[in-house]
Every structure is written in structure tokens, then in C-alpha cells.
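The values are calculated or read from the model by the stated rules, or taken from the named source; none is laboratory data. Not measured: the values here are computed from a predicted model. Using ideal geometry, Cβ is built from the backbone for each residue, glycine included, and neighbour counts are taken over all protein chains shown.
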Amino acid sequence: MALPKRRTPKSKRNMRRSHHKIGVPQLVRDRSTGGWKVNHTAGGERDRKGRPIEDDYDIGAPEPDTE
């Protein structure tokens, strides 16, 4: 296993870690709903292709019989 030859000073360690912060998410206006959404995503009530999600549709539920 590799080991450092010298101990890293606190200032060098902190300078390296200064870029490890959490950034603010880039929010843009959603043209279809007028609300805010994360950039490069479909939006809140849309699937991965950007189509609106139906409220009465449940993925795990079986389809009812229409007789």
C-alpha cells in the first residue's frame, strides 16, 4: 500500500477540499407547467420522455376487467 512520504499540512489539505462543496441545483422554468424544475430533466409530472403522467394509472396494479 502506498504511503505519503511527508505529512500534508492543514492548509494544503483544506485547499484541496475547498472544491468538495455542494453546489446549488440549476433550476429553470418548466414551459408546460410554469413551475420550477431541475435543468435537463423532464419535470415533475412527466415520464422520462417528457410525456404527461396520468393520475389514474398505477404501475403495480392489474388492469380492471371491462365486461
Practice prompt. Could you check, for the range 24-33, whether at least one of its residues is at positive phi, in contact (Cβ under 8 Å) with a residue 12 or more places away in the chain and not acidic (Asp, Glu)?
Written response: no
Discussion item. Could you tell me how many of the residues in the range 25-35 are modelled with pLDDT under 85 and over 17 Å from Pro52 (Cβ atoms)?
Written reply: 1
Item to complete: Among the residues of the range 1-38, write down those that are part of a loop (DSSP other than H, G, I, E, B) and touching a Gly at 6+ places or on another chain (Cβ under 6 Å).
Response: Asp30
Worksheet item: For the range 7-42, which residues satisfy the criterion of being surrounded by 10 or more Cβ atoms within 10 Å (Cβ to Cβ) and of a type in the set (A, V, I, L, M)?
Response: Met15, Leu27, Val28, Val38, Ala42
